[in-house]
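The structure appears right after this line, and notes come after that.
The values are calculated or read from the model by the stated rules, or taken from the named source; none is laboratory data. Values in this document were obtained by computation on a predicted structure and should not be read as measured data. Positions of Cβ are backbone-derived with ideal geometry, glycine not excepted, and every protein chain shown enters the neighbour counts. What goes into the accessible areas is simple: the full protein's heavy atoms, side chains included, and nothing from ligands, DNA or RNA. Shrake-Rupley method; radii C 1.70, N 1.55, O 1.52, S 1.80 Å.
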Amino acid sequence: MHDLVIRNATVHAGSGTPGISADIAIDGDRIVAVGQIDEDAIEHLDASGLVAAPGFIDVHSHDDFQVLTEPDVTHNVLQGITTVIVGNCGFGAAPSDAAQVQMKAIQEVDSTFKLWAGYSGYLEAVDQNPPSLNVAALVGHHTVRRAAMGGVEKRAPTPDELATMRKMVAEGMEAGAVGLSTGLVYEPGRYSETSEVVAVAEEVAARSGIYVSHMRNEGDGLLDAVRETIGIGSSAGCGVEISHHKAVGAENWGKVTQSLGLIEAAQADGMDVTADQYPYTARSTMLFALVQNGTFGSGSGGAMGRSSPDEVLLCSVPGASGLEGRTLQSFVEEWDLPGEDAANRLLSEHGNEVLVAAFGMDEGDVRMVMAHPSTMIGTDGLDRGSKPHPRAWGTYPRILGKYVREEGILSLEDAIWRMSGFPAKKFSLKDRGAIRPGAFADIVLFDPKTVIDSATFEDPRNGPDGIPHVIVNGKFVVKDGKHTHARAGRALHRADS
Ligand code: CU
Ligand code: ZN
């Protein structure tokens with residue numbers, strides 16, 4: 001007698017092979033059989049017409065705190081995500097006092113949090129108060145730099161400070177973190193020289209983790225930034241993941257041909273270099289960071305590329321939600337100020353935590369990056385404010401509906417691989433991202449004929465259509481399209497830790 005048998009599904013293993021018609025048997029938190037299953041079960045699910053795929057692994061999450069404060073993490077779970085990898089773009093969860101200050105820029109911070117010293121404490125907090133999905137963590141460079149140097153310092157660390165940073169990274173890796181992330185356009189990571197990053201990445205390399213980076217430049221300097229990123233992995237001796245691979249600003253469109261070429265060249269040299277992507281032509285970040293990186297200034301577009309004020313939408317304005325959804329252009333007109341000055345006035349009136357979505361990428365580039373074999377999928381979601389970038393709610397169904405079914409950019413089995421088996425392999429998550437006997441029962445069931453996102457820039461906080469069931473560690477977290485509120489997730493640790 002099995003606990004659960006899913007019958008008549010088109011089962012995708014998550015390895016890139018085409019689906020097969022089969023049943024799946026689950027006992028406890030594991031898949032025990034795939035094929036024709038005659039044995040009876042306590043619970044049955046008829047999955048006729050549905051694809052059963054490994055639950056999606058969101059390699060680019062910023063929900064480090066949200067998994068604790070809003071353990072339903074509805075925006076993730078409804079789109080079939082069963083594991084988030086948090087700690088991206090340098091924003092890490094430990095040490096927690098530095099994390100509380102650092103994270104304020106992108107996440108709601110609850111000051112009543114029980115504090116944890118390091119990543120062992122963070123992962124323990126996840127296990128003690130489990131969310132609806134699994135959580136794996138990257139060590140965030142900003143957070144350890146801030147902790148070791150006592151704040152945002154626009155200089156290189158002293159030898160003692162660097163040693164402290166290395167110790168913190170080592171602690172995280174010993175606790176089971178999957179790697180280290182940087183965000184070299186943001187404070188304080190932007191003040192780091194390459195050699196500092198190599199030094200901290202050595203602690204990761206020594207423990208078979210990977211180096212993940214929001215690179216120093218995604219605009220005019222994209223190609224040098226890719227070279228720096230690959231060089232850091234090669235000097236430290238670890239694999240590399242380029243975050244949200246893209247070229248920003250019309251003058252840089254098409255450069256992804258060359259950045260993909262640099263990835264291919266590194267792979268040909270035997271390096272493990274891959275990337276991730278969200279399927280939209282707008283990015284989302286802090287307005288403060290765009291201004292600081294020269295996005296609205298004259299001349300070079302700087303490290304985050306150029307956007308004009310009518311391409312910028314306010315996502316989240318703490319204390320002034322009525323402004324959310326407005327364009328920067330509307331303030332340019334209302335105040336009769338140039339774009340950069342209008343942005344600065346918004347920041348001085350509402351604080352540096354204003355989040356925006358900003359168009360600036362080319363759809364052709366998005367498709368080219370998506371189709372390239374080095375690309376896996378991540379949301380980079382920031383579900384904050386009333387108008388968050390829709391990627392927080394729509395990334396996976398958008399790929400399955402728009403880019404697989406409607407446009408044929410990827411085959412279904414290839415898309416599923418990039419959402420499950422590929423990330424599990426890259427981030428060393430054992431027995432995840434696969435439908436096979438012995439793997440954990442993280443499963444998403446969707447209708448390939450109807451699956452689609454319904455989150456838009458105007459109305460972003462909407463779950464998808466066509467994803468009726470999601471299972472995490474053998475338990476339904478979504479059933480018949482509704483969140484069950486099951487807290488089925490757990491903290492995941494790097495496979496060899
Ligand atoms: Cu990010
Ligand atoms: Zn980023």
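Of note:
- Ranked by how many other beta carbons lie within 10 Å on average, peptides 260-273, 397-410 from highest: 397-410, 260-273
- Rg of the Cα atoms in segment 444-492, relative to 2.2 N^0.38 Å, amounts to 1.29.
- For segment 56-159, taking Cα atoms only, Rg and Dmax work out to 13.7, 46 Å respectively.
- Solvent exposure ordering (accessible area, 1.4 Å, most first) of Trp393, Trp417, Trp335: Trp417, Trp335, Trp393
- The chain: DSSP helices with Cα axial extent of at least 15 Å and average Kyte-Doolittle hydropathy no lower than 0.0: 194-205, 222-236, 256-268
- For Glu333, the accessible surface of its heavy atoms amounts to roughly 120 Å² (probe 1.4 Å, protein chains only, rounded to the nearest 10).
- Accessible surface ranking that places the most exposed of Asp160, Asp310, Asp29, Asp63 first, with a 1.4 angstrom probe: Asp160, Asp310, Asp29, Asp63
- When segment 285-358 is described by a simple charge dipole with +1 on each Lys and Arg Cβ and -1 on each Asp and Glu Cβ, the residue from Val356, Gly305, Ser330 located farthest towards its positive end is Gly305.
- Shape of segment 120-188, Cα gyration tensor, a/c cut at 1.5: prolate
- P(r) tail, segment 168-317: Cα-Cα pairs separated by more than 23 Å, 37% of all pairs.
- Percentage relative contact order, segment 285-358, counting C-alpha pairs under 8 Å, at least six apart: 39 percent
- The calculated P(r) of segment 377-497, using every Cα pair and 5 Å bins from 0, goes 2, 11, 16, 21, 24, 16, 7, 2, 0 in percent.
- Accessible-area order (highest first, 1.4 angstrom probe) of the listed residues Tyr278, Tyr191: Tyr191, Tyr278
- Computed with a 1.4 Å probe on the full set of protein chains, the accessible area for Phe65 sits at about 0 Å².
- The chain, dipole about Cα centre (Lys/Arg Cβ +1, Asp/Glu Cβ -1), debye to the nearest 20: 460 debye
- Taking the Cα centre of segment 285-358 as reference, the dipole from Cβ charges on Lys and Arg (+1) and Asp and Glu (-1) amounts to some 220 debye.
- The alpha carbons of segment 90-211 give a radius of gyration and a Dmax of 13.5, 42 Å, in that order.
- Computed across segment 287-416, the Kirkwood radius stands at 16.2 Å (inverse of mean 1/r, all Cα pairs).
- With one equal scatterer per alpha carbon and no solvent term, the Debye-computed log10 I(q)/I(0) for segment 285-358 at 0.11, 0.14, 0.25 1/Å reads -0.21, -0.35, -1.19.
- Kirkwood Rh in Å, taken over all unlike Cα pairs in segment 360-427: 12.8 Å
- Kirkwood hydrodynamic radius of segment 96-136, from inverse mean 1/r over distinct Cα pairs, in Å: 11.1 Å
- Area projected by the alpha carbon convex hull of the chain, averaged over all directions, nm²: 21.0 nm²
- The figure for Lys104 is an accessible area of roughly 100 square angstrom, using a 1.4 Å probe on the protein chains alone.
- Highest mean first, the peptides 317-324, 52-59 sorted by other C-beta atoms within 10 Å per residue fall in the order 52-59, 317-324.
- Tyr191-Trp335 pseudo-label distance in nm [points 7 Å out on the Cα-to-Cβ vector]: 2.6 nm
- Of the residues Thr182, Ala125, Val139, the one whose Cα sits farthest toward the positive end of the charge dipole of segment 111-220, with +1 on the Cβ of Lys and Arg and -1 on the Cβ of Asp and Glu, is Ala125.
- Carbon + sulfur, % of accessible area of the chain - ligands and nucleic acids excluded, 1.4 Å: 50 percent
- Tensor-based shape of segment 1-115 (alpha-carbon gyration tensor, a/c under 1.5 rounded, otherwise prolate or oblate): prolate
- For Gly14, residues with placed amide H under 5 Å, excluding near neighbours: Ile435
- Top positive-direction residue, dipole computed over segment 1-82 with Cβ charges, set Met1, Thr82, Thr17: Thr17
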